[in-house]
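Values in this text are rule-based calculations from the coordinates and carry no lab data. If you're wondering where the values come from, they're calculated on a predicted model, not measured in any experiment. Cβ placement follows ideal geometry from the backbone for every residue including glycine, while neighbour counts extend to all protein chains displayed.
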Amino acid sequence: MRIGMVAICGLVLSLCILSVSAQQSVQSTGVQPVALTQAAVALDGSGTPALEGTLRTTALQGAPDTPVTNIRLVIRNVASLPYSYVSGLVTFYDGSGVRCGEGIFKADELLANESVETDTPGIRIRCAPTSWRIVATKLLPRLSPGLTGVETAARPSKLVISVDGEEHPIQLDRPMVLNLGERQRTIIVRLSP
């Protein structure tokens, strides 16, 4: 009986936590809507500004029966990294903060401090918006010639091999001698061509 009561209390507590986390507003993500005349900033995964957007289209007087179906905007890379591909969402809000339009933007090859003019095909703005925001959904960094994604992911971290709980650091192209049983084995880790 007591175990059942503890299980029920745990379930109720878990549901309360889920309910509270589901109630958190969009404002807590750090991406705030700004006025239509201001530049909107999109953050990267670490919370630093990556993209900045400014509107080129000024006629945004949509209605439910006659929505605005395309806009032009300028996306600028404000990060220090060049990107091979960027994409994201542009969202518009009416005077009371209700979302009334959302679309997707994308661009290829965006160098640091470079701008590109793009559009948002498929958007449907059903109001006269007063604020907007952009959110980066994909920021694919441009790799240096000759590098692959595996190399760039492996270089910053420290590599370690664990043999029966004994850890040995790995350095690329440097021999490592391990005692396996009564024999010594030489292991060399290299990048594949």
Residues E166, E182, E109, E102, sorted so that the one with the fewest Cβ neighbours within 10 Å comes first | E182, E166, E109, E102
What spacing in nm lies between the two simple spin-label points modelled at L143 and E182, each 7 Å away from Cα in the Cβ direction?
-> 4.6 nm
